[in-house]
Amino acid sequence: MNDLVQLASQFGLVESELNNLEKILEANVTFKTISRMEAKRQLVNLRTKVDGMIARQAYASRVMRCDVRNPIMLVIEIVSEVCDISVIRIMGKSHKSEVKNARKLAMRLCVEHHLGSTKEIGRAFGKHYTTVVRANQTAQDMLDTYSKESEFYKQYRRCQIRIERRLYIPL
């Protein structure tokens, strides 16, 4: 079990997702709610996800800096720094406007920089992919309607600059 958690964390899975996986597996073992066939299916799904992450990382390393293992988490950290909101709050369930705007901004930047499909981005945030689509649309509408002097637009530009500095190789 620890090997599985270590492997998953090595490829940048979110801490809460690892905890959920561990709790589910413990509950299934304790209460014997799944058959061996279902357990094997879950392991195959996990291996498929890890293989996909390895492939994406190999592809991304050709375009992005080699030290970036999980660019989605890097974007979340950058937004956290710029907006002065913790990563945990951005990835949480808070409905406060400043937290929601930071979350929308992070999702928008992930989609804009093609850091994964909406499903993958949603999985990193612990949200459904439709939430990512809606947040992306809302953030784009906010950028289109707000003036360039608005706080949201300024935060967006600061995040853009930091992402370009830390994520991409200068040509």
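The values are calculated or read from the model by the stated rules, or taken from the named source; none is laboratory data. Keep in mind it's a predicted model, so treat the numbers as computed, not measured. With ideal geometry, Cβ positions are generated from the backbone for all residues, glycine too; neighbour counts draw on all protein chains shown.
Listed here are the residues, each with its yes/no results for (1) closer than 23 Å to Asp84 by Cα; (2) within 15 Å of the chain's Cα centre (by Cα).
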| site | (1), (2) |
| --- | --- |
| Thr118 | no, yes |
| Phe125 | yes, yes |
| Lys148 | yes, no |
| Cys159 | yes, no |
| Arg165 | yes, no |
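Considering the stretch 69-171, the qualifying helices (runs of 4 or more DSSP H), each wholly inside and each with 1 or more residues that are among the hydroxyl-bearing types (Ser, Thr, Tyr), run over 71-83, 97-112, 118-125, 129-145, 151-167. For the stretch 137-171, the tally of residues that are without any contact (Cβ under 8 Å) to a residue 12 or more places away in the chain and either surrounded by 17 or more Cβ atoms within 10 Å (Cβ to Cβ) or not basic (Lys, Arg) (or both) stands at 14.
When residues in the stretch 118-136 are screened for being over 17 Å from Ser97 (Cβ atoms) and surrounded by 14 or more Cβ atoms within 10 Å (Cβ to Cβ), 13 of them pass. Residues that are of a type in the set (Ser, Thr, Tyr) and at pLDDT below 85 within the stretch 148-170 comprise just one, Tyr168.
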